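FYI, it's all coordinate maths here, none of it is from the lab. Since we're looking at a predicted model, the values are computed, not measured. Reconstructed Cβ throughout: ideal geometry from the backbone, glycine too, with neighbour counts over all protein chains shown.
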Amino acid sequence: MQELETVIALSRTQFAATALYHYLFVPLTLGLSVLLATMETIYVISGREVYRQMTQFWSKLFAINFALGVATGLTMEFEFGTNWSTYSHFVGDIFGAPLAIEGLMAFFLESTFVGLMLFGWDKLSRGKHLLVTYMVALGSNLSALWILVANAYMQHPVGSEFNPATMRMELESFTALFFSHEAQAKFVHTSVAGFLTAAIFVIGISAFYMLRKRHMAVAVRSFRVAALFGVFASIGVICLGDALGFISGEGQPNKLVAMEGLWETAEAPAGFNVIAWPDQEAMENRFALQIPYVLTPLVTHSFDGTITGARDLVHRAEVRIRDGIPALVALETLSDNPNDRDALRTFRIHGDNLGYALLVKRYAPDVTQATPEQITQAARDTIPPVGPVFWSFRIMIAAAFLMLGFLILATIYSLRGQITEKRTFLKIAPWMIPVPFIANEAGWVVAELGRQPWTVYGQLPTWISASTHSVGYMIFSLVGFVAIYTIFIIVEMFLMVKFIRKGPDDGPLPPAEPAVAAPGHTSQWSQA
Amino acid sequence: MKNILLFAFWFLVGLITLFLAIVLGEAGAWYLAWVLGTVMMILIAATGTVILEVDDEQDRPY
């Protein structure tokens, strides 16, 4: 049992490590592809060469990030099969379809058009090239859509039913899966967070050039596009994050209590814990600084809602575990004799709580002999690690509001034509680049660590989802992944810095096409 | 003839867009919001550069 626990911990660590590395690249790809489409749209409409230079320069950075994003994402698709074989067997019918479509989107649609986008400038007409760039943007975001549909199923399993004959979940409604509120809110929040990441990235690098008075024509215009794009993205990401929190809170109240550090059921008006020091063992906060009245409207979107606390959720879980035990016993009978009618009837009555009974099997291999203490222990496991989730959530929120403020200032300075004079702001801007990446990673921790102890919420506990590898195998592969992915990060950073230092290929600008610019007019920054 | 075909093509595009908008609006409101919001953000960002170019042509700082 001890070795199994170690293998599970290592499997989780490995998936978390690969996902966190991969997720460093993904949001920038999602957002930068749309920003490229925006810049190229302006180029096609205006005919001004500077927008072509802009698009081509940011395309190079996009390509570096895209290549490493695909490389790091590849392994994760295989990891489901190699390290999480029980999980893959259990939900393969449902999880496999969106995962396969995601692969098709990433490799066939997105990757094919990326090649055309990068190398097709002189081979395609303007309109066709613009269409290609839009296809890249669409492909990358559709790719994200499908993986998030799959992920949303893990958070809120809908459109499926467990079949005791095959011992796996089977898909009943693809539309329920695709249109689930969790999937929708998760996609829009994640995608727009990518937009925000790209906007901050473009602003930071443009500010770097403006400080040094290099590539001014490209930098000033890139800054303007990214500031306007980003300010709406930041508003969107906060609103959509609230929506996702509301939807997730209804479906996963245990994640919600971890995000809010809420141990006792709170009647309206409940206070919001700005900072707290949660003690999971004692199920209380050792210290908390609260803003009164804020939590109830924030969580329930009403002024009189009640928010169930962790202690009551544990009691509910105990009831569900006890109710699920007959289902698990019946399932074991059915595995020996699939035609046992009594067992099938018992399973139909108690099957909804099968996953909860599986939680207690961790402590009592014969669940019929489970003691009240073991049931309580299993029920307490349903509360995810509160400290990391609570603080990751606050880091994400703080970063989101910091970026909103930053982008409002960026937009005002840009629209007023003052940005090149705001040297302090320009000095700060490059240091803002890591902020969205930190927020993205923190958001991922909230979503995935907050789902524990489940791989599929309420259905399949994490502790039985992993493959039965040896500890040595897991350590070897974990070290290998971390080493290779660290090299990937170093390569990305090296290439990014190299191309950023080099800057866009912006020789003296030719005059814009007569139809769209004043004849003979020369830009203020054309020779910069 | 070419104009009729062009009209028919864009009319078809319009019908498909309407159909998608109705289906998404009914079952996938967040997806529809993403489509509309992303297009809006692209247009607003592009409009910002139009203002910038006008400022540039009139030699105002931008």
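Modelling each spin label as a point 7 Å along the Cα-to-Cβ direction, I'd like the B:V13/A:D93 distance in nm, to one decimal.
Between B:V13 and A:D93, the label points sit 4.2 nm apart.
Please compute the modelled spin-label separation between A:R501 and A:E5, points set 7 Å along Cα→Cβ, answer in nm with one decimal.
5.0
Would you mind working out the magnitude of the charge dipole of the stretch A:110-236 relative to its Cα centre, with +1 at each Lys and Arg C-beta and -1 at each Asp and Glu C-beta, to the nearest 20 Debye?
Dipole magnitude for the stretch A:110-236 comes out near 1040 debye.
Of A:H301, A:A288, A:G271, which is farthest along the charge dipole of the stretch A:262-383 in the positive direction, counting Lys and Arg as +1 and Asp and Glu as -1 at C-beta?
Projecting each Cα onto the dipole axis, the largest value belongs to A:H301.
Can you list the residues, at least 5 places off or on another chain, whose amide H is less than 5 Å from the amide H of A:I275, using H built in the peptide plane?
A:L289
Could you give the length gained on full extension between A:I45 and A:N163, defined as 0.36 nm per residue of separation minus the Cα-Cα distance, in nm?
Stretched fully, the A:I45-A:N163 segment lengthens by 36.9 nm.
Run through all the Cα pairs of the stretch B:2-57 and give the fraction in each 10 Å bin from 0, expressed as whole percent.
21, 27, 28, 21, 3
By per-residue mean of other Cβ atoms within 10 Å, what is the highest-first order of A:197-205, A:459-467?
Highest mean packing first, the order is A:197-205, A:459-467.
Which whole-Hz couplings ³J(HN,Hα) result when phi for each residue of the stretch A:90-103 is put into the Karplus expression 6.51 cos²θ - 1.76 cosθ + 1.60, θ = phi - 60°, listed in order with x for Gly and Pro?
Per-residue couplings from phi come out as 5, 10, x, 4, 8, 5, x, 5, x, 5, 5, 5, 4, x Hz.
What residues from the stretch A:188-223 fall in the zone where the backbone N is under 17 Å from a label point 7 Å along the Cα-to-C-beta line of B:R60?
A:221
To the nearest whole number, what is the average tally of beta carbon atoms from other chains within 10 Å of the beta carbons of peptide A:179-186?
Counting Cβ atoms of other protein chains within 10 Å of each residue's Cβ and averaging gives 3.
Taking 0.36 nm per residue of sequence separation and subtracting the Cα-Cα distance, how much length would be gained by fully extending the chain between A:D242 and A:A483, in nm to one decimal?
Between A:D242 and A:A483, full extension yields 83.1 nm more.
Given R₀ = 35 Å, what would the calculated FRET efficiency be for A:F287 paired with A:L20, taking r from the Cβ atoms and rounding to 0.05?
The calculated FRET efficiency here is 0.75.
Taking 25 °C and 0.890 mPa s as the conditions, I'd like the Stokes-Einstein D for the protein assembly as shown in µm²/s, using the Kirkwood hydrodynamic radius from alpha carbon pairs.
94
Whole angstrom only: what separates the Cα centroid of the stretch A:31-110 from the Cα centroid of the stretch A:350-427?
A separation of 25 Å, based on Cα centres.
Select from the stretch A:391-475 those trypsin sites (Lys or Arg not before Pro) which occupy a DSSP coil region and have at most 13 other Cβ atoms within 10 Å, ordered by residue number.
Filter output for the stretch A:391-475: A:R416.
Search the structure for amide H atoms under 5 Å from the amide H of A:F179, placed 1.01 Å from N in the peptide plane, and list their residues when 5 or more places away or on another chain.
Counting only residues 5 or more places away or on other chains, the set is empty.
Compute the helix-to-body angle for A:49-83: its Cα long axis versus the longest principal axis of chain A, expressed 0 to 90° and rounded to tens.
20
With r as the distance between the Cβ atoms of A:S173 and A:T306 and R0 = 35 Å, compute the FRET efficiency 1/(1 + (r/R0)^6) and round to 0.05.
E between A:T306 and A:S173, to the nearest 0.05, is 0.65.
Find, among the trypsin sites (Lys or Arg not before Pro) in the stretch A:122-214, those assigned to loop by DSSP (not H, G, I, E, B) with at most 15 other beta-carbon atoms within 10 angstrom.
Those satisfying the criteria are A:K123, A:R212, A:K213, A:R214.
Sorting B:W10, A:W454 on the 10 Å Cβ count, fewest up front, what's the list?
With the fewest neighbours first, B:W10, A:W454 line up as B:W10, A:W454.
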